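Input: a single structure, listed below in structure tokens.
The values are calculated or read from the model by the stated rules, or taken from the named source; none is laboratory data. Remember, predicted model here, so these are calculated numbers, not experimental data. Reconstructed Cβ throughout: ideal geometry from the backbone, glycine too, with neighbour counts over all protein chains shown. For accessibility, only protein heavy atoms count, side chains too; no ligands or nucleic acids. Shrake-Rupley method; radii C 1.70, N 1.55, O 1.52, S 1.80 Å.
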Amino acid sequence: MKSTAEYLFSPERAAQTALSLLEQWGGLTAAAVWSRVDEGWQRLAAIGDADTLVDAAALEAGRQAGPQGGALALVSGEAEVGWLVWRGTPSRDVGELASLLSGHLVCARLRAELAVSRVTHETLLEISQLAGEGGTLDAFLPRLHQCVSRLMDATNFQIALYDEEAGALRYPFFRDSTTHEAPSPTEFFTLGSSRVALIAHLIRHARPLVLTRDNIRALGAHAGFAPGVVPRFWLGVPLFNATGGVLGAVVVQGYDDQRPFSAAEQSLFLFVARHIGFALNKLLYRAHLERQVWLRTGELEGANARLRSEVAERQRAEKMQAMLFRIAELSNTSLSLEAFLAGLHRMLAELVPAANCLVALYHAGEDLLTFPYCADEFSPQLQPRRPGRGLIEQVLHSGRALLTHGGSVDLSDASLPPVSGWLGVPLYCDHELMGVLSVHSYDTQTRYGYRDQELLEFVANHIGAALARVRALEDLQVAYAELEQRVRERTSELDAVNAQLEFDSLHDPLTKLPNRTYFGKALRRAWDSYSNGGERFAVLFIDLDRFKLVNDTLGHLAGDHMLYEAGARVRSCLRHYDFLARLGGDEFAVLLFGVGSFEGCEPTARRIVNEFDRPIILSGREVFTSASVGVVLADAEHYHRAEDLLRDADHAMYRTKQQGRHGYTLFNHELRRNQADQLALESELRRALDEEEQLVPYFQPFVDAQSGALVGFESLVRWRHPERGLISPAVFLPMAEESGLVTRLDRYMIDRACRQLVAWRAEGRRIDQLSLHLNLSSANFHDPGLVDWLTELVTQYALPPDTLHLEITESALIDVPDIAVTVMQALTRLGIRLALDDFGTGYSALSYLHRYHFDVLKIDQAFVAEVDRKEESEAIVRAILALAAALGLDVVAEGVETAAQMHKLREMGCAKLQGFYFAAPAPADAIDWGRLVCEHEGAVGVA
């Protein structure tokens, strides 16, 4: 919602109105208002000879406005959003006017950022929708280019797809203002080709690249390729598929007529590129599935065509079979031969044009042809005769069927007209030629074909011998059975394919467990049943601890094996009718049916947790992991949707992780209240970060173990809530980590602590040799601007860089090891010192000290608390001190609370001590400087 000022004035109009007011007041000869735009400055309005005034860039660099003028920064918090500069002497105080201008500029900036965020959100939503529309890649990519062009200058935009098996890539989409002939979308380039050298480098390293023209030339010289037309800037981001493999890359580049991307635009492009990767992976995967379906459909259509042909053949065979049965029935009657042949003629007439039919029998002993059956339009009966040269004789002579058009049935009878079509087949009995069966027509419209010949031969074969008829019947029955079997097999194959497709859509391909979609359906069914009076059930949410460490250390194959083994172990803890699913990543969920209370859920949750006490064998080594479990019980009083059960089970699991992992948490009313309280507390923490009264740095001193001299402070955050009072860091720091506010909180406290150090110097405190220890969470390593921000901070407060000691925990090194190396090396080059906090707990791997180049080790208070009572703690502390001495590292023992501990640590040679024995953490105005000095003098006397 816009403010009233925004509706009335634009920034330019507001600036002009302010200058008009100054002009009315009098005393000024020239004035101007400047506003920050991206990384530069824009003059919004001016009066008088404003071109002679100092511009905003010079003022920001520290230049003065001049003896006859003045300048006032328009600020929001610590940030400069504009400048008001003038020449002359204003007749009134311009401070309030500058504050109003600051408000206008801040509103304008926020509105612009909101507009960018809205466009970004709409664009990402459209990209996701485009991928879901099911179009082709050729249709998707131009529309994707249009979407990206809304967010940034994408005139030169390329998308490359990588074929890992072929070791080559292609450009399905290529736009470059300097190239008239874009590569074909189907043309592949090997990774060694100079035309794709930059993208090949990007794909090999699988990390984003931001290159200037000089960077590209240097890379080309190093890698041995000629870059061709070198752009002014080049930004490429690898695209990954669902399994983490490189799918391809997306690139934008600009030439001399285009400005380089700002840091914000680069971050935006990285974010958009990840969504492009998701969309492309989804689109390509769906295209792959569609192709598989198309191929399978083609196979099924071919099988269907074959089946139709086989059915037609079967139908024809059935007709043949029916005729065979009728012939068999006819032959088994007591009819005369003539009556039998007349019946046969009637059956033939049903299948072929057989108005004229003739049966001739050859008697070899008598060399005589007889005609037991003759149905002819012109000859009522043929007489027996000796063989001549007619059509019947040709069949007898060759022993094969004859199909002809024209000729005479009986050459001995000249009165018979010629036939238009004649078809005759031999009659056999036990391979002995008996005679001829023929049909003929005098009608010129009747034409016989080979199908008619085939049918007539079939009939002739069954007239010749009863045995041949029986054998043919058996063969037909076998063929029929085989045909039925083939039909059943094809039907079974189709059912199996459909069943597999349905199974794949509802199950995880790795563990073969039900997936999130299937679990959602089962959860809703269980909830509907319970809402209608059915049995009560529980939801368990399971997350594997340290899975990311195993996956990154041993590889994805080992991670997949761990997930498979984890699914099997959880399944072994359940009853056969309980429902287990893998939701994704290292998360599993369980539906426990028939449980009426938490007491019924706890044994199962306990078994699941205990099941992971045994090691898992991965790549020949034993690996231990644990499970964090959240349990929620279906309750119609507190829930109205099935999805809320899974949400609260997830929350209970997260509470388990907060409490140290490897266990289970039952979601109850207290957690429900805490959940709402956490949301309120997060909102209040956001407001506290915008103020300076609530979040306060407390300082706890370090002392020299031998002299007792003050050698430094550790800055600790405390929250003075106006209503809740003092809130412990143990309450709000985990919430800040989860909500992503910890980076702002760290920067806020580092800035406040450095400001306090400067204030002490202004008070005359001798702090030049003191060190300031500041805690830094792992989330800061993801911030590309961390090192630049610390550089500006050190410069702003004029602090020696080695005054700052950043304390880092082992968890930060485990979470982001590669990023941590790069950031910590940059901090070391800057001169800032690094301390490894809580050393002795966790892994405490020596590789950390070698890889990350720490300057200070802080011995965890768990060992210090028992150093004067337990030999094990003393041995560990001695080992840490010896290790630090060998590596040239400084050591601080934290948690010193008694004189015995102090004397023991001093005796062991620990250089610096910290703890309540010397002073509790206190705000800056409550530090007892006199007591610290007295303790120093007393310690010197004791020494």
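Only one entry in R274, R232 is over 19 Å from D138 (Cα atoms), touching a Gly at 6+ places or on another chain (Cβ under 8 Å), at pLDDT 85 or above and open to solvent by 20 Å² or more (accessible area, probe 1.4 Å), namely R232.
Looking across the stretch 829-845, just one residue is at pLDDT below 65 and among the aliphatic types (A, V, I, L, M), and that is A845.
Being under 25 Å from the mean Cα position of the chain (by Cα) and within 25 Å of S531 (Cα to Cα) holds for only one residue in L633, L591, L554, L580, and it is L580.
Every residue, every condition in (1) open to solvent by 20 Å² or more (accessible area, probe 1.4 Å); (2) within 19 Å of Y664 (Cβ to Cβ); (3) at pLDDT 95 or above; (4) not in a helix (DSSP H, G or I), yes or no:
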| residue | (1), (2), (3), (4) |
| --- | --- |
| Y530 | yes, no, no, no |
| E535 | yes, no, no, yes |
| D552 | yes, no, no, no |
| M562 | no, no, no, no |
| E565 | yes, no, no, no |
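Of the residues A242, A279, the single one that is open to solvent by 60 Å² or more (accessible area, probe 1.4 Å) and either small (G, A, S) or under 13 Å from L198 (Cβ atoms) (or both) is A242.
Hey, does the stretch 253-262 have a residue that's in a strand (DSSP E or B) and farther than 18 Å from L137 by Cα? Yes, the stretch 253-262 has at least one match. Is it the case that the stretch 166-173 has a residue that's part of a loop (DSSP other than H, G, I, E, B) and in contact (Cβ under 8 Å) with a residue 60 or more places away in the chain? Among the residues of the stretch 166-173, not one is part of a loop (DSSP other than H, G, I, E, B) and in contact (Cβ under 8 Å) with a residue 60 or more places away in the chain, which makes the answer no.
Being outside the structural domain of R766 (by the TED database), surrounded by 17 or more Cβ atoms within 10 Å (Cβ to Cβ) and charged (D, E, K, R) holds for only one residue in R687, R621, R655, and it is R655.
Have a look at A168, A206, A160, A131 and point out the one that is over 26 Å from R232 (Cβ atoms), within 24 Å of the chain's Cα centre (by Cα) and at pLDDT 80 or above.
Of A168, A206, A160, A131, the one residue that is over 26 Å from R232 (Cβ atoms), within 24 Å of the chain's Cα centre (by Cα) and at pLDDT 80 or above is A168.
Annotation note: of E484, E489, E493, the sole residue that is open to solvent by less than 50 Å² (accessible area, probe 1.4 Å), on the phi < 0 side of the Ramachandran plot and modelled with pLDDT of 85 or more is E484.
Restricting the first member to the stretch 437-464 and to residues that are free of Cβ contacts under 8 Å to residues at least 12 places away in the same chain, and the second to residues that are assigned to a loop (DSSP other than H, G, I, E, B) and not small (G, A, S), no beta-carbon pair is closer than 7 Å while six or more apart or on different chains.
With respect to the conditions (1) open to solvent by 50 Å² or more (accessible area, probe 1.4 Å); (2) outside any loop (DSSP other than H, G, I, E, B), L130 lacks only one, and its number is (1). Hey, F667 hits all of (1) modelled with pLDDT under 90; (2) hydrophobic (A, V, I, L, M, F, W, C); (3) open to solvent by 30 Å² or more (accessible area, probe 1.4 Å) but one; which does it fall short on? Tallying (1) modelled with pLDDT under 90; (2) hydrophobic (A, V, I, L, M, F, W, C); (3) open to solvent by 30 Å² or more (accessible area, probe 1.4 Å), F667 fails exactly one: (3). In summary, K870 fulfils each of the numbered conditions (1) surrounded by fewer than 18 Cβ atoms within 10 Å (Cβ to Cβ); (2) modelled with pLDDT under 90; (3) within 47 Å of the chain's Cα centre (by Cα) with the single exception of condition (3).
Residues in the stretch 573-592 that are open to solvent by 40 Å² or more (accessible area, probe 1.4 Å) and either at pLDDT 95 or above or under 18 Å from H662 (Cβ atoms) (or both): E587 alone.
When the stretch 624-652 is examined, which residues are found to be farther than 19 Å from L523 by Cβ and open to solvent by less than 40 Å² (accessible area, probe 1.4 Å)?
Correct list: T625, S626, A627, S628.
Among the conditions (1) assigned by the TED database to the domain that holds Q769; (2) surrounded by 14 or more Cβ atoms within 10 Å (Cβ to Cβ), the only one that I727 does not satisfy is (1). One residue stands out in the stretch 496-509 among those that are under 26 Å from A305 (Cβ atoms) and either among the aliphatic types (A, V, I, L, M) or part of a loop (DSSP other than H, G, I, E, B) (or both): the one that is most open to solvent (accessible area, probe 1.4 Å), namely L501. Would a scan of the stretch 112-120 turn up a residue that is closer than 21 Å to A45 by Cβ and either of a type outside the set (S, T, Y) or not in a loop (DSSP other than H, G, I, E, B) (or both)? Yes, the stretch 112-120 contains at least one residue that is closer than 21 Å to A45 by Cβ and either of a type outside the set (S, T, Y) or not in a loop (DSSP other than H, G, I, E, B) (or both). Among the residues making up the stretch 701-732, those that are within 18 Å of R755 (Cα to Cα) and not aromatic (F, W, Y) are P701, G712, E714, S715, L716, V717, R718. On the stretch given as the stretch 150-207, residues that are aromatic (F, W, Y) and either touching a His at 6+ places or on another chain (Cβ under 7 Å) or surrounded by fewer than 14 Cβ atoms within 10 Å (Cβ to Cβ) (or both) total 2. Tell me yes or no: at least one residue of the stretch 65-80 is in contact with a helix residue (DSSP H, G or I) (Cβ under 8 Å, 6 or more places away or on another chain), within 30 Å of R150 (Cβ to Cβ) and not assigned by the TED database to the domain that holds T795. Scanning the stretch 65-80 turns up at least one residue that is in contact with a helix residue (DSSP H, G or I) (Cβ under 8 Å, 6 or more places away or on another chain), within 30 Å of R150 (Cβ to Cβ) and not assigned by the TED database to the domain that holds T795. The criterion of being among the acidic types (D, E) and part of a helix (DSSP H, G or I) holds for E329. Restricting the stretch 180-226 to residues that are assigned to a helix (DSSP H, G or I) and in contact with a helix residue (DSSP H, G or I) (Cβ under 8 Å, 6 or more places away or on another chain) leaves a set whose member that is farthest from R259 (Cα to Cα) is A223.
For every residue, the table says whether it meets (1) of a type in the set (S, T, Y); (2) at pLDDT below 80; (3) surrounded by fewer than 20 Cβ atoms within 10 Å (Cβ to Cβ); (4) outside any loop (DSSP other than H, G, I, E, B).
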residue	(1), (2), (3), (4)
V436	no, no, no, yes
H440	no, no, no, yes
T444	yes, yes, yes, no
Y448	yes, no, no, no
E454	no, no, yes, yes
V459	no, yes, no, yes
I463	no, yes, no, yes
L467	no, yes, yes, yes
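Of all the listed residues (A920, A875), the sole one being assigned to a helix (DSSP H, G or I), open to solvent by 20 Å² or more (accessible area, probe 1.4 Å), farther than 25 Å from A820 by Cβ and of a type in the set (G, A, S) is A875.
With respect to the conditions (1) surrounded by 14 or more Cβ atoms within 10 Å (Cβ to Cβ); (2) within 16 Å of V590 (Cα to Cα); (3) basic (K, R), K512 lacks only one, and its number is (1).
The residue pairs whose first member lies in the stretch 867-883 and is in contact (Cβ under 8 Å) with a residue 12 or more places away in the chain, whose second member is of a type in the set (F, W, Y), and whose beta carbons are closer than 6 Å, counting only pairs six or more residues apart or on different chains, are I876/F863; V877/F863.
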